[in-house]
Amino acid sequence: MQSDLVRVAEQHCGFKLSDAEHVLLAALAAGQPASFAQEERLRATLLRWILTSEQTRKLTAESGLRIDRAVVAENLDLRGTSIACNARFRRVRFEDDIFLSLARLQSLIFEACTLKRVDMQDARLDGTFVLEEYEGEGNSLGALSLRDAKISGNVDIRYSTFRSHEGTGEHDGGLDLVRATIEGSLFITPGNTIAKGVDASSSRIEGSVLVVDLDVIGSPSRPALIFNESKVKGSLVICRSLPKDQKKEDGPPVPGRTSIGAPVVVNHAHVGGNIDLVGLYVRCPASTAELPWGIDLLGTHVDGSIWLNHAVVWNAGARLSHVRVGGSVECDDLLLMREDRAQESEAQPATIAATSETVERRERVGFQMDSAMVGQNFVWRVILPDAELVNLAGSKFGTFLYASSYWRHRSNLQAVTFERLFSTSYPFRWPRLVSFVRRVFRLPTDWRPKLGIAIWMYDRVFAGDRTHLGWLRTASRKDWEFDEGLYDSVAATLTRQGQRRDAKRVHIARVNDANVARGWLAVVLGVPYRIFVGNGYRPYRAVVWALGLIALGSVVFGRAYTDGTLVKVDADAVSQPFHAVMYSADTLLPIIDLHQETSFEASGPGSDAVRAYLWAQIIIGWIIATTLGAAAANFVRRVDSA
């Protein structure tokens, strides 16, 4: 049977088979892998015949084609073919490209192989595609192209190196998954180095995406990971672990060894699970103004949650604008930092030219999450340079948990709404209490309150400013328009949380801060309204002021009547005995006539002082009545709007 197989192979290929190729056919006939002690040369024409010929289909149906330690000469061109067997190559060096466009295959596995390029555009793979310890070098299309391919199983890439020539095409990355359909999951697990990143735009992945410890080298002028307009039914996890000798405080790590050198972009995608970006180092050049976002999730719809934890982005920001998240968004220990541009320019004057436009663009790079909708929690603990920007305008959250001690930057918080609001900053401002808790419960010296403990301690233990006014007033800083709606949103949230007194304080502060934003004249004119009725939210103050002034006036006018300074009017009028309390009330309250003010007047020695006090009390009475009327109108307006 082996001789017949050799004869048919030589007739089809048109050349005499070598000893190594005889061994390959013998192993194929025996259903065993073709394993060589050293690299043996095999011709691609023979491999094509084995994979596509009807004579070998029965031999490869069960065990497939398995080759260990060989060199494949010439192009392996399988375009448009149908391969009914599994193919497994281990320690095989392909001297030229592999073309699988429009082909239909079973499982395809490369282990410890060296290839120039694998082109699988529009291919159909009914099994799993595995690359392990792969090393390739590609042209402008990339080292591995799965564009428009459909894979029924998983795509598993680990411990592989992709090298790509410099290209200017739209998709010139090392791993091209544009418009690919993967019915399993995509695993890019530890040990991978990709020259120009992964482009999975418009792809459809039925499982999850796991990218761990990926090193992206090459030009930083394009993103490292692109999932624009992709649909992932599972979760999208991109994470890396720091080397043991590398700390975040040590500055930017060496590109290509410990960092992703370009942004992560997931725009207008749909993720059925979570987006988990943990432990990332994204470093962009300080002089590049075209890519201001190191992490970009613009317009992405996430059914689960988004986690941006323990990540560092150099010389760029993070954008989550217009995202729709069914779960939570947590930004815990997300550092957005910039290098010293002057120092970098001095070190590399020929390559870095920071123009005024670049500087202005970079100063506005920060955290942008405007017009977002988050169904559950938004946890905020981000460290930014003071010159950076935080923009949450028009976003809606379930619960907003923030650490105000890290809020040291400009912000735009207009029209932000949330159902619940918590601050986790106060426990960290009380080191003595934290030390006391450590001693009582015998906790380690590096113990810090967890998030849930921090909220509990803040709500139950600390009697700090629970109105969040310090955080609210960051929206009133220089260069930003004052937003009254944000105060109303916070007050409504505090009311739902049972903090009605704190909500009233927020309403009062809203009017005060609005006057400050309008200018000094508004502040001066608003003083009576603030003092007498608490900006319309504490009208009982008018009653307290009125009773106090009536009591004080009764003392003053009673003493004046006793001294003869306050005498009865000498005219035909209603005559009644003098009553100090009634006289003081009659002069203070403009809408009540007790016939005391018209029956007595100040006359004689010392009457000027009594008359001046009388006029002052009349003016104050009119002011109290006016502010009380304004407070009533404000109450009616609030009821109507509610």
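The values are calculated or read from the model by the stated rules, or taken from the named source; none is laboratory data. Nothing here was measured: the structure is a model prediction, and the numbers come from that model. Because the Cβ atoms are built from the backbone with ideal geometry, glycine has one as well, and the counts that use them run over all protein chains shown. Side chains included, ligands, DNA and RNA excluded: accessible areas come from the protein's heavy atoms. Shrake-Rupley method; radii C 1.70, N 1.55, O 1.52, S 1.80 Å.
What percentage of all Cα-Cα pairs in the stretch 540-611 are separated by more than 21 Å?
Result: 23 percent of Cα pairs exceed 21 Å.
For the stretch 3-84, compute Rg over Rh where Rg is the Cα radius of gyration and Rh is the Kirkwood radius from the inverse mean 1/r over Cα pairs.
Working: Rg = 11.8 Å, Rh = 12.8 Å.
With Rh from the inverse mean 1/r over Cα pairs, Rg/Rh is 0.92.
So if the hydrodynamic radius of the stretch 1-157 is defined as the Kirkwood radius over C-alpha pairs, what does Stokes-Einstein give as its diffusion coefficient at 10 °C and 1.306 mPa s, in µm² per second?
In µm²/s, the coefficient rounds to 102.
Quick one: Karplus J couplings for the stretch 557-567, per residue in order, coefficients 6.51, -1.76, 1.60, θ = phi - 60°, nearest Hz, x for Gly and Pro?
Computed from phi, the couplings for the stretch 557-567 are 6, x, 5, 5, 5, 5, 7, x, 7, 9, 10 Hz.
Roll a 1.4 Å probe over the protein heavy atoms and report the accessible area of residue 53 in Å², nearest 10.
It works out to around 10 Å².
Grab the beta carbon distance between residue 373 and residue 518, set R0 = 41 Å, and tell me the FRET efficiency rounded to 0.05.
Given R0 = 41 Å and the Cβ-Cβ separation, E is 0.80.
For a 27 Å ceiling on Cα separation, which of these pairs sit above it: 58/231; 16/58; 150/396; 58/233?
58/231; 150/396; 58/233
Around residue 397, which amide H atoms from residues at least 5 apart in sequence, or from another chain, sit under 5 Å from its own amide H, with H modelled in the peptide plane?
Long-range HN contacts for residue 397: 374, 417, 418, 419.
May I ask you to evaluate 6.51 cos²θ - 1.76 cosθ + 1.60, the Karplus curve with θ = phi - 60°, for each residue of the stretch 67-82 and list the ³J(HN,Hα) values in order in whole Hz, giving x for glycine and proline?
For the stretch 67-82, the Karplus curve yields 10, 10, 6, 7, 10, 9, 8, 6, 6, 9, 9, 10, 5, x, 8, 10 Hz.
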